[in-house]
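A quick write-up on the structure given underneath.
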């Protein structure tokens, strides 16, 4: 029987996955992985079975490694910013 990961380990995995999801330069990919991460971890939130928790933790750890590689590739080949993204330029009000 596999030992269940601690709540702290699951929280660290969630935070690492969220951090990696935010590294995507593409707006659509970034928001998709943020939503997917939140929903995936909410599904297992009230689980107490050690076998299921261990399987979940191992699967998400492998997925995190893949997500990190994908984020790097997306940063290398990212496209233009979309209109819905926050722009750095702010319009100045003219008093004339």
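The values are calculated or read from the model by the stated rules, or taken from the named source; none is laboratory data. None of the values given here were measured: they were computed from a predicted structure. For neighbour counting, all protein chains shown are included, and Cβ atoms are generated from backbone atoms with ideal geometry for every residue, glycine included.
Side notes on the structure shown:
- Taking the stretch 27-59 as the range and being assigned to a loop (DSSP other than H, G, I, E, B) and surrounded by 12 or more Cβ atoms within 10 Å (Cβ to Cβ) as the test, the residues that pass are 44, 47.
- Pairing each residue of the stretch 75-96 that is at negative phi with any residue that is surrounded by 10 or more Cβ atoms within 10 Å (Cβ to Cβ) and at pLDDT 65 or above, provided the two are 6+ apart or on different chains, yields C-beta distances under 6 Å for 75/25; 78/25; 78/26; 82/27; 85/27.
- Of the residues making up the stretch 1-24, those that are assigned to a loop (DSSP other than H, G, I, E, B), in contact with a helix residue (DSSP H, G or I) (Cβ under 6 Å, 6 or more places away or on another chain) and closer than 17 Å to residue 64 by Cα are 5, 23, 24.
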